[in-house]
Every structure is written in C-alpha cells, then in structure tokens.
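Visitor: Input: one structure, supplied below.
Each reported figure results from applying straightforward, stated rules to the coordinates on display, with no laboratory input. All of these numbers come straight from a predicted model, not from anything done at the bench. FYI the Cβ positions are ideal-geometry reconstructions off the backbone, even for glycines, and counts take in every protein chain you see.
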Amino acid sequence: MAKKKTEEKINLDSILFKCRDILRKARNSGSFFEKRDMMLTLVFLRFIGEKFEDGVENLRQALIAEGLDPDDEAIKEAFLDDPTFTDGTYNLPIDARWSTIINTPAPKLNVALDTALHSIATSSKQLKGCFVEGTFTMRNLASNDIKQVVDEINKISHKAFGEEKDLIGRVYEYFLKEFAVNATKEEGEFYTPHDVVQLIAAMIEPFDGTLYDPCCGSGGMFVQSTDLIRKKHGDISRINVYGQEKEAATYRLAKMNLALRGISHSLGDESDSTFTHDLHKGLYFNYIMANPPFNLKNWYDGNLKNDSRWADYTTPPESNANYAWILHMLSHLKPLDGVAGFLLANGALGDSDTSEIRKKLIQNDKVEAIVILPRELFITTDISVTLWILNQNKKGGEYHGRTLRNRRNEILFIDLRTWTDNPVKNEGKKKVFLSNKQIQKAADIYHSWQNEGTDGKNYAVPELYRSVGISEIKKNGWSLVPSKYIEFIDHDLDIDYEKEMARIQVEMREILTAEKESQAMLEAAFRGIGYGIDQI
C-alpha cells in the first residue's frame with residue numbers, strides 16, 4: 001500500500017513538471033510569472049470543475065436514496081440542471097464546466113477557456129477577481145501547446161490518484177512552492193513552509209473568531225489554520241478570515257486558493273499596500289498570523305509620518321518595515337484578548353534604530369514569546385528567523401479549555417536553532433523541516449509556561465527555553481535576543497581531562513606498537529628474499 005502511494009506521488013509530480021515544461025518551450029507563453037498564472041488558472045478551472053461534478057453526483061445519490069429517479073426529466077430539471085449546493089461547491093455555468101473545456105477542439109481552446117473565466121466572474125461574486133479575464137486569448141498559445149497542457153491537467157483527479165482528502169491542496173501548493181523558488185519577496189511571492197505555519201497555529205490556536213493576515217500572499221496561513229481547525233473541531237465555519245495583499249497576481253492566487261478550499265474570506269475589493277491603504281481599517285481581530293517580507297525597504301510614504309498606528313510609539317524607520325508591521329498588527333488586535341504570531345528577521349530582536357519602539361512594546365507588556373527558528377526552513381532564504389507572539393491578555397483566565405496564569409512582566413524565550421535533524425530530500429538546496437512531534441513539543445513548552453500552576457521564575461531548560469522578567473530585559477538594554485537569557489552550557493566543562501588524556505595516551509601507545517610490529521614483519525619478509533629494507 002505504501003508503495004502505491006509513492007508511485008502516485010511520483011506520477012503526479014511528473015504531470016505537473018511536464019505542464020511547466022510545455023509552457024517553457026511554447027511560443028507566446030509570456031514571462032515567468034505569466035506562465036505561473038496561466039498554469040494556476042488552469043488548475044483552478046480543473047479543480048473547481050471536478051468539485052462541481054462531484055457535487056452533482058452526490059446530489060444524484062441523495063435523490064436515489066430518497067427514492068427519486070435522477071434521470072427522470074422532471075426530477076433532473078428540478079434538482080440537477082441548476083443545482084444548489086450546501087457544502088461550498090460552486091454551481092458552474094455550462095461553458096465554465098470542465099466537461100465542456102476538455103471536449104473543446106484544440107483550435108478553439110483559448111477562446112473557450114476565456115469564456116469559462118468570464119462566465120465564472122459574472123455568475124459568482126465570491127469568485128470574481130480570482131483571475132485575469134482574457135488570459136488565454138491574450139497569450140494565444142498554439143493549438144497543440146494549449147491542448148497538451150489541458151490534457152495533462154485533465155489527468156489530475158482524485159478519481160485517478162485515489163481518495164486523498166487533500167489532493168487539491170497538494171497539487172495547488174506544488175505550483176505555489178515551485179514557482180516561489182524563482183520568485184523574490186520584492187516581486188510579491190514568498191512561500192511559507194507548511195511546518196512553519198503549523199507551528200504558529202499550534203501555538204496561538206486560532207480555533208474560533210476572526211483571523212487576519214496583513215500580507216496574506218497566496219493565503220497559506222489561512223489554509224493551514226483551517227486545516228488545523230478541521231482536525232481539532234471539524235468545522236471551519238468557526239473562523240472568519242480577513243487579509244490583504246499588495247501584489248495583484250498574488251492577490252488573485254489567494255482568492256483562488258481560498259475559493260477552492262471553501263473558506264469564507266474577505267481580502268478586500270482590490271490588491272493594495274497595507275501601509276498606505278489599509279483595507280480593514282477600524283477592524284479588530286482575535287488572531288493575527290503573518291509572514292511579512294523580511295527587512296522590507298521602500299515601504300514608507302510621507303503621509304505615514306503621523307499615522308495613528310504608531311502614534312503611541314514612534315514612527316518606524318524608513319529603511320526597514322519590520323516594526324511598521326509589528327505596530328500595524330498590534331493596532332488590529334482585539335484590545336482585551338487578541339493574539340498575534342508572526343515571523344521577522346532576527347535583526348528585529350536587537351537593532352538600535354528601533355530600540356525605543358521595542359522598549360515601549362516590552363514596557364506595555366505586549367510581547368509574550370520569542371522563538372528562534374532553525375536555519376534553512378525556507379526555500380527562498382537560508383537565514384534563521386524569529387517567531388514573535390504578541391498577547392493583549394497576559395493576566396490569565398480561561399483560554400481554549402486551559403486555565404492560564406498571570407504572566408504579566410514575563411517573556412518566554414525559546415531557541416530551536418539546533419532542531420535541524422530533518423533534512424528534506426529532492427530539494428535544489430539544503431532544507432530542513434519541523435516534524436509534527438517537534439511542533440507539538442514547542443507548543444507544549446509555550447502552553448505549559450502559560451498554564452496555571454507553572455512557576456514562571458524558574459521555568460527553564462538550558463539551551464532550549466527560559467522565562468525572563470522585564471527587569472532582566474531592561475538590564476540587557478531591552479534586547480530580545482534569546483542568547484542573552486537562555487543558559488548556555490559549556491560542554492567542555494563536563495570533560496574529565498585526566499581520564500581523557502590517559503585514554504589518548506593508551507591509544508597512541510597501541511598505534512606505535514602496531515607500527516613497530518608492521519615494520520618488523522616487512523623487514524623479515526624482505527630478508528627472506530635477499531633484500532634489506534634500505535634497498536627498497
């Protein structure tokens with residue numbers, strides 16, 4: 001059985017790679033990002049079409065279970081010709097269905113695909129804006145090229161690859177990852193690995209209420225969070241997601257991704273900068289999860305100088321957006337119990353030009369935990385980054401079935417940089433991942449520290465974590481660099497030098513004895529044939 005799953009994965013990856021290769025060689029296929037968008041739009045049409053077909057088949061089976069004949073013309077007209085679904089499946093117009101597309105002659109495919117996009121955009125408010133209408137006629141790929149790609153996409157189906165619950169997500173995220181490898185953060189595409197998102201979600205537990213990502217990219221934070229909610233509670237309607245994305249192409253990818261998963265979302269009516277045009281101004285959220293572009297430059301606008309988001313602090317430096325992201329997210333957290341988990345480059349822990357903002361964040365007791373992550377978790381960078389957790393409520397109380405203690409004036413530091421024992425195979429560069437066991441261990445360290453009954457003054461394991469009071473952080477110049485607080489053990493002190501030197505001397509004597517014995521044997525051998533050792 002395990003072998004079968006491996007074969008399916010290899011075949012699936014081969015199909016996806018072949019699609020990319022066809023587009024690479026095709027005339028008029030456009031830039032790297034235009035190829036990407038074309039492929040993802042086709043995948044979207046395939047998946048949403050298959051969900052529609054599955055929905056119709058489920059309706060047919062439900063009618064049969066009720067004793068009705070789904071092939072009866074009256075029953076068919078009443079229930080199947082214009083079906084209504086209750087599970088998030090979209091009712092597609094005839095010309096937008098995959099069965100229509102796959103049966104279209106090659107010379108008419110470009111037009112048929114754009115017709116499908118137009119029909120979807122005009123029939124569904126939720127799907128409008130997921131793609132650029134005219135994508136295929138604008139590129140006008142040769143009949144043979146577009147037909148080859150569509151035929152390859154047609155092979156991707158749970159009917160062909162088995163009942164894998166997240167086949168859609170696996171294929172979709174394959175493209176997001178593969179295309180992100182060659183993209184840069186400045187170009188708007190930055191792929192956050194699943195294990196990193198799962199770590200954030202496992203720690204802050206965004207199980208119900210509202211979840212916000214101010215730089216949502218392709219929507220990965222939302223997808224992984226709702227996957228966790230499904231596992232824990234089975235009902236993603238418990239959470240409402242809000243997001244914003246600056247890059248138009250990535251904004252469309254996010255809308256497609258969330259639509260495919262049936263996740264209710266509000267990404268605003270357009271793509272735009274979170275700093276200069278906050279599409280969710282005035283809203284406060286239970287949870288925030290984000291992976292902002294690291295050390296983003298060129299974020300500042302003169303109109304932001306007296307912005308209300310940093311009125312209680314100081315204006316973040318124009319050269320780097322790290323603290324602008326922090327203050328923006330803080331301004332959107334619910335004042336009484338909002339929790340945020342987000343990633344930043346390690347420089348934000350102690351850089352001098354943001355020391356006053358950092359000092360006030362600590363004094364205002366907004367920072368709850370700082371977690372240094374291992375290097376090489378990311379595809380597009382090998383640097384070590386930090387997970388920050390802000391919490392508006394460190395006073396304690398009930399939270400997701402746990403009783404939390406008063407954690408005011410404490411910050412938990414965790415250092416996971418040594419957790420690099422899980423290499424990822426078949427990657428173009430060195431990469432590691434956090435296992436489910438490691439993710440749970442990190443979450444347990446954090447949750448145990450929060451829980452009633454824990455002594456925060458003595459909560460520590462050398463070289464892994466330590467709870468630190470604000471007075472000690474003040475003595476360290478308001479730095480949040482974990483190595484200043486977590487105990488480092490000099491393992492050289494554990495060595496018994498006399499015993500070790502004795503062991504080394506014994507080994508050296510054994511080596512010298514063996515060499516003398518070898519020399520004697522060699523001399524004896526040559527004497528036997530009439531030579532002296534000095535004649536060789």
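Visitor: Compute the Cα gyration tensor for segment 191-484, then decide on rounded, prolate or oblate, letting a ≥ b ≥ c be the square roots of its eigenvalues: rounded whenever a/c is under 1.5, prolate when a/b is larger than b/c in the other cases, and oblate in all that remain.
Guide: Judged from the Cα gyration tensor, segment 191-484 comes out rounded (a/c under 1.5).
Visitor: Could you order peptides 328-341, 299-312 by the average number of other Cβ atoms within 10 Å of their residues, highest first?
Guide: On the way: 328-341: 19.6, 299-312: 13.6.
Those peptides, ordered most packed to least, come out 328-341, 299-312.
Visitor: Let me ask something additional. Report, in listed order, any pair from K155/K255; K395/K441; K155/K431; K457/K484 with a Cα-Cα distance greater than 27 Å.
Guide: Too far apart for the 27 Å limit: K155/K431.
Visitor: Tell me, what is the FRET efficiency for S355 and D69 to the nearest 0.05, using R0 = 56 angstrom and their Cβ-Cβ distance as r?
Guide: 0.15
Visitor: Please give the contour-minus-distance gain from A78 to N303: 0.36 nm per residue of separation, less the Cα-Cα distance, rounded to one decimal in nm.
Guide: Stretched out fully, the A78 to N303 stretch lengthens by 75.3 nm.
Visitor: If you don't mind, another one. Run the quick spin-label model on M138 and N476: label points 7 Å from Cα toward the beta carbon, then report their separation in nm to one decimal.
Guide: Rounded to a tenth, the inter-label distance reads 5.1 nm.
Visitor: Using amide H atoms built 1.01 Å from N in the peptide plane, name the residues 5+ places from Y399, or on other chains, whose amide H lies under 5 Å from its own.
Guide: Here the answer is L404, since their amide H atoms fall under 5 Å of that of Y399.
Visitor: How would you order 358-368, 282-292 from highest to lowest mean count of nearby Cβ atoms within 10 Å?
Guide: Top to bottom by mean Cβ count within 10 Å: 282-292, 358-368.
Visitor: Need one number: nm distance between label points at D337 and A311, each 7 Å from Cα along Cα→Cβ, rounded to one decimal.
Guide: 2.7 nm
Visitor: Here's a follow-up. Taking R0 as 35 Å, what's the FRET efficiency between V461 and V506 from their Cβ-Cβ distance, rounded to 0.05?
Guide: Efficiency, from the Cβ-Cβ distance: 0.45.
Visitor: Counting only other residues whose beta carbon sits under 11 Å from that of G129, what net charge do I get with K and R as +1, D and E as -1?
Guide: That works out to +1.
Visitor: Follow-up question, since we're still on this one. Students often check this: by mean Cβ neighbours within 10 Å, which of 71-81, 87-97 ranks highest, and how do the rest follow?
Guide: Those peptides, ordered most packed to least, come out 87-97, 71-81.
Visitor: Tell me whether segment 222-298 comes out rounded, prolate or oblate; compute the Cα gyration tensor, take square roots of the eigenvalues as a ≥ b ≥ c, and use a/c under 1.5 as the rounded threshold.
Guide: prolate
Visitor: Next up: Going down the table (K305/K359; K25/K108; K232/K281; K125/K281; K125/K147; K125/K334), which pairs top 27 Å between alpha carbons?
Guide: Beyond 27 Å between Cα atoms: K232/K281; K125/K147; K125/K334.
Visitor: Provide the FRET efficiency to the nearest 0.05 for the A62-H233 pair, computing r from the beta carbons and using R0 = 30 Å.
Guide: Computed FRET efficiency for A62 and H233: 0.75.
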